[in-house]
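Written out below as structure tokens is the structure these notes cover.
Bear in mind that the values in this text are calculations on the coordinates, not laboratory data. Everything numeric here is computed off the predicted structure, so don't read it as measured data. In this analysis, Cβ positions are derived from the backbone assuming ideal geometry, glycine residues included, and neighbour counts consider all displayed protein chains.
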Amino acid sequence: MPPEMIRRRVLVIEDEGMLAMLLEDMLGALGHEVIGTAGRMDRAARLVSETSADVVILDVNLNGEQTYPLAHTLASRGIPFIFATGYGAAGLKEEWRSAPALQKPYQAQDLERVMRQAFERGAA
């Protein structure tokens, strides 16, 4: 883990199992702890409402359902989050375009950068 990066507890909301595992590996390599994962909206909503995570990585499209309601919940709780999308920030709804966005396919240096952005920015 880079010395300037603080160990964070991360919740991963991602519907593609291989991508979720990749994120878990990358987060672990950066020194962070994945405290939960969800690939379905019902489980994701429950985890988001109950989470004690420091940050949430939120796939924009979870099995065909947009996760913006989860982003609203996180923002209202003051929990930083990062959108994960194949389209980058340009693919986000207008109101969320300033939120940190991690473009798929994931790259370690991009993950590290958006983790920093999420905490510099605070909750959306």
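Data overview
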item: Residue within the stretch 33-50 that is within 14 Å of LEU111 (Cβ to Cβ), of a type outside the set (Gly, Ala, Ser) and either in contact with a strand residue (DSSP E or B) (Cβ under 8 Å, 6 or more places away or on another chain) or not in a helix (DSSP H, G or I) (or both) present; result: yes
item: Top-ranked residue of the stretch 31-72 - restricted to ones that are of a type in the set (Gly, Ala, Ser) and more than 13 Å from the chain's Cα centre (by Cα), ranked as surrounded by the fewest Cβ atoms within 10 Å (Cβ to Cβ); result: GLY64
item: Qualifying residue in the stretch 86-107 (condition: more than 12 Å from the chain's Cα centre (by Cα), closer than 20 Å to ARG8 by Cβ, among the charged types (D, E, K, R) and not in a loop (DSSP other than H, G, I, E, B)); result: no
item: Count - residues of the stretch 17-53 that are among the acidic types (Asp, Glu) and in contact (Cβ under 8 Å) with a residue 24 or more places away in the chain; result: 1
item: Selected residue (only one of GLN103, GLN107 is under 16 Å from MET26 (Cβ atoms), touching an Asp or Glu at 6+ places or on another chain (Cβ under 9 Å) and among the polar types (S, T, N, Q)); result: GLN103
item: Residue in the stretch 56-76 that is more than 18 Å from GLN103 (Cβ to Cβ), free of Cβ contacts under 8 Å to residues at least 40 places away in the same chain, in a strand (DSSP E or B) and not aromatic (Phe, Trp, Tyr) present; result: yes
